Amino acid sequence: RKARNNIKMTTQVEIGPNRYGKQNVQLLRVVRDTATHEVYALNCAMLLESKDFSRHYTDGDHSTLVPTETQKNTLYVLSKKYPIEPIERWGVLVARDLMARHTHVEAVNLNIQREPWDRAQVGGKPHNHVFVAGSSGTRFTNLRVQSNGNVKISAGFKDFKIMKTTQSGFEGFIRDEYTTLKPTKERVMATKIFCEYEFGNLQDLDKIDFSKIYEAVQQCTVEHFAGDAVTGVYSPSVQKTLYDIAKEVIGVCYHKKRNRKRK
């Protein structure tokens with residue numbers, strides 16, 4: 001009881017940094033500008049930030065609230081208003097469009113994932129409008145666009161499955177009385193790669209070929225995992241291989257300032 005009396009009671013409550021939005025917005029955009037169609041199967045998440053949102057919590061005042069249903073519809077409408085390729089640039093345009101209409105919003109955060117769909121091959125030829133589920137992993141981008149003009153973009157791919165059936169080992173690790181794993185210079189190495197790279201210079205978005213960079217990063221990943229098509233390349237560990245890939249990617253793509261990979 002004595003200890004309880006020493007506790008300083010206060011009724012002051014502050015609202016900390018907060019944001020809200022809409023998750024898991026499924027969007028299918030089919031581009032039919034020519035006989036050869038393009039398909040974009042996206043999963044989007046949007047989160048808004050503003051100091052004016054605090055009143056939702058303190059007073060139940062929704063006068064500055066942009067409903068999540070409006071956010072969802074915004075993504076649908078703007079997928080036709082603006083070119084959706086590349087998704088990084090489209091996301092920035094979406095954020096700027098929303099803040100132009102709702103000037104009290106201070107920042108828009110977007111996560112955009114593009115599910116892989118590959119053009120079907122029929123008789124040795126690519127089909128104009130039929131697609132099959134791809135195996136290249138899920139392409140994604142994360143954006144933060146502020147009303148003051150600041151833009152941050154990272155992008156990459158995830159769930160990219162890859163395997164080598166030789167030219168891999170693991171040895172030189174700590175062994176104690178509980179270790180049963182034996183060192184080896186010959187094993188199968190299979191992993192699922194998550195790759196994220198952050199862009200540095202974003203002064204002119206129209207001059208950055210985001211899709212070309214994405215393709216180059218993924219191709220670089222495959223080539224340095226695999227090595228020569230006949231002899232391959234030895235990997236002493238997944239970690240060393242991922243480090244070598246990331247180092248090469250940074251050298252190839254000068255727009256990026258950081259590259260993060262994990263198995």
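Taking the options Ile15, Ile87, Ile112, name whichever one is open to solvent by less than 90 Å² (accessible area, probe 1.4 Å), among the aliphatic types (A, V, I, L, M) and over 26 Å from Thr138 (Cα atoms). From the options Ile15, Ile87, Ile112, the qualifying one is Ile15. Determine if region 195-218 includes at least one residue that is open to solvent by less than 30 Å² (accessible area, probe 1.4 Å), in contact with a Cys (Cβ under 8 Å, 6 or more places away or on another chain) and free of Cβ contacts under 8 Å to residues at least 60 places away in the same chain. For region 195-218, residues open to solvent by less than 30 Å² (accessible area, probe 1.4 Å), in contact with a Cys (Cβ under 8 Å, 6 or more places away or on another chain) and free of Cβ contacts under 8 Å to residues at least 60 places away in the same chain: present.
Only residues that are charged (D, E, K, R) and under 14 Å from Lys22 (Cβ atoms): list them for region 50-78, please. Break it down stepwise before answering.
Taking region 50-78 first, the residues charged (D, E, K, R) are 51-52, 55, 59, 61, 69, 72.
Listed by number, the residues that qualify are Glu69, Lys72.
Scan region 165-220 for residues that are part of a loop (DSSP other than H, G, I, E, B) and farther than 30 Å from Glu88 by Cα and the total you get is 21. Consider Tyr82 carefully, then state whether it is among the hydroxyl-bearing types (Ser, Thr, Tyr), within 21 Å of the chain's Cα centre (by Cα) and surrounded by fewer than 19 Cβ atoms within 10 Å (Cβ to Cβ). Against the criterion (among the hydroxyl-bearing types (Ser, Thr, Tyr), within 21 Å of the chain's Cα centre (by Cα) and surrounded by fewer than 19 Cβ atoms within 10 Å (Cβ to Cβ)), Tyr82 qualifies. Against the numbered list (1) at pLDDT below 95; (2) under 23 Å from Val238 (Cα atoms); (3) surrounded by 16 or more Cβ atoms within 10 Å (Cβ to Cβ), Lys192 comes up short only at (3).
Output the number of residues of region 232-251 satisfying the condition of being part of a loop (DSSP other than H, G, I, E, B) and free of Cβ contacts under 8 Å to residues at least 60 places away in the same chain. So that I can check it myself, show each step before the final result.
Narrowing region 232-251 to residues part of a loop (DSSP other than H, G, I, E, B): 233-234, 236-237.
Subset that is free of Cβ contacts under 8 Å to residues at least 60 places away in the same chain: none.
Counting residues in region 232-251 that are part of a loop (DSSP other than H, G, I, E, B) and free of Cβ contacts under 8 Å to residues at least 60 places away in the same chain gives 0.
In this structure, does Val92 turn out to be open to solvent by less than 10 Å² (accessible area, probe 1.4 Å) and β-branched (Val, Ile, Thr)? Outline the logic, then answer.
Details: open to solvent by less than 10 Å² (accessible area, probe 1.4 Å): yes; β-branched (Val, Ile, Thr): yes.
Criteria met by Val92.
The helices (runs of 4 or more DSSP H) found wholly in region 14-101 and carrying at least 1 residues that are touching a strand residue (DSSP E or B) at 6+ places or on another chain (Cβ under 9 Å), modelled with pLDDT of 95 or more and within 28 Å of Asp206 (Cβ to Cβ) occupy 68-81, 87-101. Being surrounded by 14 or more Cβ atoms within 10 Å (Cβ to Cβ), at positive phi and either of a type outside the set (A, V, I, L, M, F, W, C) or under 16 Å from the mean Cα position of the chain (by Cα) (or both) is a property that holds for Gly227. Restricting to region 206-222, name every residue that is of a type in the set (S, T, N, Q) and either under 22 Å from Lys240 (Cβ atoms) or touching a His at 6+ places or on another chain (Cβ under 9 Å) (or both). Across region 206-222, the qualifying residues are Gln218, Gln219, Thr221. Of all the residues in region 115-141, those that are open to solvent by less than 70 Å² (accessible area, probe 1.4 Å), within 25 Å of Glu198 (Cβ to Cβ) and in a strand (DSSP E or B) number 4.
The values are calculated or read from the model by the stated rules, or taken from the named source; none is laboratory data. As the structure is a computational prediction, the values presented were derived from the model and not from experiment. Methodologically, a virtual Cβ is constructed for each residue, glycine included, from the backbone with ideal geometry; neighbour enumeration extends over all protein chains shown. Surface accessibility is based on the protein's heavy atoms, side chains included, excluding ligands, DNA and RNA. Shrake-Rupley method; radii C 1.70, N 1.55, O 1.52, S 1.80 Å.
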